[in-house]
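The values are calculated or read from the model by the stated rules, or taken from the named source; none is laboratory data. As the structure is a computational prediction, the values presented were derived from the model and not from experiment. For neighbour counting, all protein chains shown are included, and Cβ atoms are generated from backbone atoms with ideal geometry for every residue, glycine included.
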Ligand code: CUA
């Protein structure tokens, strides 16, 4: 091999190694992660926040002309957030300032990023892909605040239909539970309850889902939430009433998390 050829060969390999070292450094020292496109999550058109563990939250973020939903996500410091992003209309961008999150929101697909919020503060969310007349005003934010909980995070009004409201009344749910996230002295509020991690008197815990709610309504003595008295037996409740109430609490949970 000619000497010059050899030099170029060595230089090329060295350069590749330098690039590779740069990648490794970005990953290890700066926490840079390549955002992923997930294929096993169906694109969604409603934004919500779900608690998956004590510090684990899942945010399903929808971008559309010209806002993000949820517009404001309030979480406690130390929150580990798995962010799913989709778009309801055109291509948008999404960057959370002060973090490594920088994604594209593409209709029909879901993109994924994870981020941990270690400190208190406000982290603005901006759209960085031109998406129409009000692109520049498309924004949201993450607010990280000590003591924040999902229910108090968003002051969403309770939209319980008249029919379900009558059921809640009939079974005396509202003598102890509120629907607006207020007054949790006697019993947990139904707003924002769904998706929450609940700890029980025996020290075990579970995330509130359909099956849990059904059980809690039909067999209230089975799992008693820590810090509360057992819920009084309500007696026989027709299956369709149970289903209607579970549906309503699920919706209240999603509203509470918005
Ligand atoms: Cu959305 Cu620009």
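Taken together, the criteria place residue 70 among residues that are closer than 29 Å to residue 206 by Cα, within 16 Å of the ligand (Cβ to nearest atom) and surrounded by 14 or more Cβ atoms within 10 Å (Cβ to Cβ).
Considering (1) modelled with pLDDT of 90 or more; (2) more than 13 Å from the ligand (Cβ to nearest atom); (3) touching a helix residue (DSSP H, G or I) at 6+ places or on another chain (Cβ under 9 Å), the lone condition that residue 48 does not fulfil carries the number (1). In the range 54-64, the qualifying residues are those that are modelled with pLDDT under 90 and more than 11 Å from the chain's Cα centre (by Cα), and the one that is nearest to residue 124 (Cα to Cα) is 55.
For the range 107-119, the candidate set comprises residues that are surrounded by fewer than 17 Cβ atoms within 10 Å (Cβ to Cβ) and either within 18 Å of the chain's Cα centre (by Cα) or within 21 Å of residue 33 (Cα to Cα) (or both); within that set, the residue that is nearest to the ligand (Cβ to nearest atom) is 109. Checking 79, 63 one by one, the residue that is in contact with a strand residue (DSSP E or B) (Cβ under 9 Å, 6 or more places away or on another chain), within 16 Å of the ligand (Cβ to nearest atom) and in contact (Cβ under 8 Å) with a residue 24 or more places away in the chain is 63 and no other. When residue 134 is tested against the conditions (1) surrounded by 18 or more Cβ atoms within 10 Å (Cβ to Cβ); (2) more than 29 Å from residue 197 (Cβ to Cβ); (3) modelled with pLDDT under 90, the lone failure is (1). Within the range 129-140, the residues that satisfy the criterion of being more than 7 Å from the ligand (Cβ to nearest atom) and closer than 12 Å to residue 63 by Cα are 139, 140.
Would you confirm, using the coordinates I've provided, whether residue 168 is modelled with pLDDT of 80 or more and in contact with a helix residue (DSSP H, G or I) (Cβ under 7 Å, 6 or more places away or on another chain)? Yes; evaluated as a whole, the condition is true for this residue. Residue count for the range 38-80 satisfying the condition of being part of a loop (DSSP other than H, G, I, E, B) and within 17 Å of residue 105 (Cβ to Cβ): 12.
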